[in-house]
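What follows is a set of notes on a single structure, which appears directly below.
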Amino acid sequence: MTDQQTILTLARVLKSSDQAIMVDQLLNWQQEEARINDPEAFREGSWWVYMPIREWQEQLSWISEHTIRRNLKELNELGLIRIGDFNRHRYDRTRWYTVDKEKLRLMISER
């Protein structure tokens with residue numbers, strides 16, 4: 001989990017408190033994956049989180065599913081998060097997410 005000052009700084013950099021909260025939440029989920037040491041969640045040198053949009057919306061109930069999709073797309077375009085597809089079945093279109101921690105450090109340190 002990031003500290004409150006980091007979240008506020010990230011919100012200013014991104015010009016979106018919702019996106020900053022989403023990044024923080026993703027970091028929390030990544031820590032949980034690392035804590036339980038789920039081997040399926042460790043890919044390409046990072047801990048990834050398997051999360052349907054519906055579950056994002058359940059966790060962040062004040063943000064609509066449409067806005068969550070848009071925010072994830074924008075965060076991915078900024079390079080702050082990466083989106084992957086590590087599903088076993090082709091019909092499973094659930095995305096996997098990870099924060100690029102180096103990019104996060106750079107964004108915060110530039111402020």
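A few comments on the model shown:
- Residue check for Arg95: without any contact (Cβ under 8 Å) to a residue 60 or more places away in the chain, open to solvent by 80 Å² or more (accessible area, probe 1.4 Å) and within 12 Å of the chain's Cα centre (by Cα): yes
- Residue under evaluation Leu104, criteria (1) in a loop (DSSP other than H, G, I, E, B); (2) under 21 Å from Gln5 (Cβ atoms); (3) among the aliphatic types (A, V, I, L, M), criterion not met: (1)
- Test: residue in the range 32-45 that is of a type in the set (Val, Ile, Thr) and open to solvent by less than 50 Å² (accessible area, probe 1.4 Å): no
Matching residues to (1) over 14 Å from the mean Cα position of the chain (by Cα); (2) assigned to a helix (DSSP H, G or I):
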position: Gln57; (1), (2): no, yes
position: Trp62; (1), (2): yes, no
position: Asn71; (1), (2): no, yes
position: Glu77; (1), (2): no, yes
position: Arg82; (1), (2): no, no
position: Tyr91; (1), (2): yes, no
position: Ile108; (1), (2): yes, yes
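- Looking at Ile83, Ile108, Ile53, just one residue is within 17 Å of Ser16 (Cα to Cα) and either among the acidic types (Asp, Glu) or in contact with a helix residue (DSSP H, G or I) (Cβ under 7 Å, 6 or more places away or on another chain) (or both), and that residue is Ile108.
- Cross-chain or 6+ apart pairs with Cβ under 9 Å, the range 32-52 first and on the phi < 0 side of the Ramachandran plot, then open to solvent by less than 40 Å² (accessible area, probe 1.4 Å) and assigned to a loop (DSSP other than H, G, I, E, B): Glu33/Trp48; Glu40/Trp48; Ala41/Trp48; Phe42/Trp48; Tyr50/Asn87; Tyr50/Thr94; Met51/Thr94; Pro52/Thr94
The values are calculated or read from the model by the stated rules, or taken from the named source; none is laboratory data. This structure is a prediction, so every number in the text was calculated from the model and none was measured. Positions of Cβ are backbone-derived with ideal geometry, glycine not excepted, and every protein chain shown enters the neighbour counts. Note: accessible area is taken over every heavy atom of the protein model, side chains too, but ligands, DNA and RNA are not part of it. Shrake-Rupley method; radii C 1.70, N 1.55, O 1.52, S 1.80 Å.
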